[in-house]
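J.: Here it is: the structure, laid out below.
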Amino acid sequence: MKARPRINRWTEARRELLFGDFSLKSLVQPHFVVQGSNVDNPVNGMEGIHHQSVDVLIETVRKDVEHGLTAIMLFGVVEQSHKDEHATKASDSTSHLHEAIKQIRSEFGDTIVIMTDVCLCTATNHGHCGLVEHGHIVNDASVDRLCEIAVSHAQAGADYVCASDMMDGRVSAIRLALETANHTSTGVLSYSVKYASS
């Protein structure tokens, strides 16, 4: 597999995020995307963070940019009725998360860095970060699903797909999946520490 350090220099916003002087441009603002319209509900325990529908999120991101923040991390929040054992909604190109990626990319172009959370827990009916068979998480099948999710986010316009699942081998598998799908400028970011999932 090819090393692609240029991924981090692909756009000015990426360069500022990773190599610029410490400033607002080196921070990443998290956003939680929900289905619907005109939704703007505070997240308990996370002051200043809201569950927002795409229409509200676009305006929030506009304010982020006006204040000098040019990197965002999007987390899709899937309604219970749309969850299943395979996290199908997580890679659904018509989901609210995918729509948010597309609209933000269309609205702000390459002036913003879009990162997306890649995990199964938000879309599985059991809440685990991996697929479950016979009461156990199945690593390799979970990695395959993570790859599908990551590629779907890249197709929507994400700059970085960010694996938060803790499955073995996921980063290299996601990189290979992105390469195979010709998303060579999409980066992979792995969370280094995770203590709990919800």
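The values are calculated or read from the model by the stated rules, or taken from the named source; none is laboratory data. Keep in mind that this is a model prediction, so the values were computed, not measured. When we count neighbours, we look across all protein chains shown, and the Cβ atoms used for this are built from the backbone with ideal geometry, even at glycine.
J.: What strands (runs of 3 or more DSSP E) lie completely within segment 50-139 and have 1 or more residues being surrounded by 19 or more Cβ atoms within 10 Å (Cβ to Cβ) and hydrophobic (A, V, I, L, M, F, W, C)?
T.: Ranges flagged: 71-76, 113-118, 131-133.
J.: Only residues in segment 128-139 that are more than 17 Å from Lys89 (Cα to Cα) count as the first member; pair them with residues that are not in a loop (DSSP other than H, G, I, E, B), Cβ under 6 angstrom, at least 6 apart or cross-chain, and list the lot.
T.: Note: pairs meeting the criteria are Val138/Leu131.
J.: With respect to Asp21, determine if the residue is part of a loop (DSSP other than H, G, I, E, B) and among the acidic types (Asp, Glu).
T.: yes
J.: Okay, next question. Which one is modelled with the lowest pLDDT, of the residues in segment 144-198 that are more than 24 Å from Glu99 (Cα to Cα) and buried (at least 22 other Cβ atoms within 10 Å of the Cβ)?
T.: Ranking the qualifying residues of segment 144-198, first place goes to Met167.
J.: Right, here's the next one. Taking the options Gly36, Gly45, name whichever one is more than 24 Å from Leu18 (Cα to Cα), out of contact with any strand residue (DSSP E or B) (no Cβ under 9 Å at 6 or more places or on another chain), at pLDDT 95 or above and not aliphatic (A, V, I, L, M).
T.: That would be Gly36, the only listed residue that is more than 24 Å from Leu18 (Cα to Cα), out of contact with any strand residue (DSSP E or B) (no Cβ under 9 Å at 6 or more places or on another chain), at pLDDT 95 or above and not aliphatic (A, V, I, L, M).
J.: Moving on to the next point. So which residues in segment 30-70 are under 13 Å from Leu97 (Cβ atoms) and among the hydroxyl-bearing types (Ser, Thr, Tyr), if there are any at all?
T.: Ser53
J.: When only residues in segment 30-49 that are of a type outside the set (Gly, Ala, Ser) and in contact with a Ser or Thr (Cβ under 9 Å, 6 or more places away or on another chain) count, which is surrounded by the fewest Cβ atoms within 10 Å (Cβ to Cβ)?
T.: Ranking the qualifying residues of segment 30-49, first place goes to Asn38.
J.: Could you please find all residues in segment 1-14 being modelled with pLDDT under 75, part of a helix (DSSP H, G or I) and out of contact with any strand residue (DSSP E or B) (no Cβ under 6 Å at 6 or more places or on another chain)?
T.: Answer for segment 1-14, where residues must be modelled with pLDDT under 75, part of a helix (DSSP H, G or I) and out of contact with any strand residue (DSSP E or B) (no Cβ under 6 Å at 6 or more places or on another chain): Pro5, Arg6, Asn8, Arg9.
J.: In segment 37-60, how many are touching a residue at least 40 places away in the same chain (Cβ under 8 Å) and within 20 Å of Thr122 (Cβ to Cβ)?
T.: 3
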